[in-house]
1. Which numbered condition in (1) at pLDDT below 95; (2) of a type outside the set (Gly, Ala, Ser); (3) more than 16 Å from SER63 (Cβ to Cβ); (4) open to solvent by 70 Å² or more (accessible area, probe 1.4 Å) is the only one that GLN131 fails?
2. With the range 284-390 as the region, which strands (runs of 3 or more DSSP E) entirely inside it contain at least 1 residues that are in contact (Cβ under 8 Å) with a residue 60 or more places away in the chain?
3. Taking the range 326-356 as the search range and keeping residues that are under 27 Å from the mean Cα position of the chain (by Cα) and modelled with pLDDT under 90, which one is least open to solvent (accessible area, probe 1.4 Å)?
4. Being crowded, with 20+ Cβ neighbours inside 10 Å, polar (S, T, N, Q) and at pLDDT below 90 narrows it down to one residue among SER170, SER187, SER156; which is it?
5. Of everything in the range 192-213 that's touching a residue at least 24 places away in the same chain (Cβ under 8 Å) and among the small types (Gly, Ala, Ser), which residue is nearest to SER257 (Cα to Cα)?
6. Name the residue that is modelled with the highest pLDDT, counting only residues in the range 33-73 that are among the hydroxyl-bearing types (Ser, Thr, Tyr) and more than 24 Å from SER138 (Cβ to Cβ).
7. I need every pair where a residue in the range 94-108 that is under 13 Å from SER63 (Cβ atoms) has its Cβ under 7 Å from the Cβ of a residue that is open to solvent by 50 Å² or more (accessible area, probe 1.4 Å), sequence separation at least 6 or different chains.
8. Can you pull out every residue in the range 283-324 that is open to solvent by 70 Å² or more (accessible area, probe 1.4 Å) and at pLDDT below 85?
Amino acid sequence: LRGRAAGGEGCRRSRRRHTRGRLRRTTLSLWPSMQTPLPRRRLSDRELCSGAVRTSHYGALLSDVSVDFSLFDTRAAPSLWASRPLLGAPQRGVMRAPCSANDLQTLLADYEGLHLQPLVAAIRPKRPLGQRSAEDESIALFLLADYANLFHQMGSLYITAAAMRDLLGSKPDTAHSVHVFLLNNASLTPTAVFWSPGLSARAPRFVGEPAARSAGVRSFGRVLLVQPATETWWWNVWKPDPTDRTALLGPIASWLSSAVLGAPPPSLPPPQLPPAAAEPGARRRLLLLLSRAASSDRRILNEEELRTSLEGRLRHGGTPPVGSATEVRLVELGALSSREQLSLVRGAAGLIGAHGAALVWNLFLPAGAPVLELLNRANANAYYSNQCRW
């Protein structure tokens, strides 16, 4: 397989290499077609329990809820892609909300076939109905996080942030009152810094860990059941999705960047002038060429040659699709911490790389920065082209 990007030979693999890569992905079961089919139903807007429960595409918001952490199943699986039940078997009464039995049955019908159905089935009416507790006015988020891959976990993060904005109207100054609980025993290593201090002042906790279970029954002013990213628009990856989501995603990127790094992303200067005309001492604007040298597949075999070719075009005022870049940097993002990756990307002039999780950083690029993805036809998908439209 051969491809060209910005004047250099981009991605080159033999047929045999390509076949082994496909088999490897099958073994890892990373694609929906290799696993239990993903639910096609998605939540819609609804109000129940005299306004105490609201649902949207991003999840369900329940007001005045008591949660008995001792009734969660500690055997919950670590990943959305596990074959065993994701939530274990939560016992009845694990949550109690000010709802009638009929309203809870309606809510359960909305969740039929979705990942959180076992949890919703275990919610019971709170008695006495209509009496509001003032014990704890904090907010609890419950979610099923995807497995430890940057693209997948960024989906969990973004859908959680979208749910907070949509159902809570939450802003960064409310993060101190938010508690994040994982319904599966997932590792959040790739995105940990975005959860805390990003979305909450407290690090997320698994509901089945001893510290959480020992809390017994707790009351929360509001409980948000966040939809898994696989049951939202985030997973529109197999065909183009032209929906404009910039009004949603832009503020989330700024929110997370500011919470982690303490400052909003810088803006790019107009790209009319050739980079060669930049004044001495001007701030460098990096075009990041993403290396996958340490990966077993989807590597750019001649990445140094590609970098040299791009640098030559910049020096001579060429016009590859690199925006206002003044320098090309070959970088392996996986060797950096998440904070370092964010700091590098949010001021970059663009990204070039083979298909891989690192391209999800396009969400944090300055507005107008281009992304060039090297993608073979046999693995055609719209992961990052959709995100760039959004």
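1. (3)
2. Output list reads 286-290, 350-354, 371-374.
3. The qualifying residue least open to solvent (accessible area, probe 1.4 Å) is GLY347.
4. Only one candidate qualifies: SER170.
5. GLY198
6. Within the range 33-73, the match that is modelled with the highest pLDDT is SER44.
7. ARG96/ARG124; PRO98/LEU129; PRO98/GLY130
8. Scanning the range 283-324 gives ARG283, ARG284, ALA294, ARG313, ARG315, HIS316, THR319, PRO321.
The values are calculated or read from the model by the stated rules, or taken from the named source; none is laboratory data. Since the model is a prediction, treat every value here as computed from it, not as a measurement. Because the Cβ atoms are built from the backbone with ideal geometry, glycine has one as well, and the counts that use them run over all protein chains shown. These area figures cover heavy atoms from the full protein model, side chains too; ligands, DNA and RNA do not enter into them. Shrake-Rupley method; radii C 1.70, N 1.55, O 1.52, S 1.80 Å.
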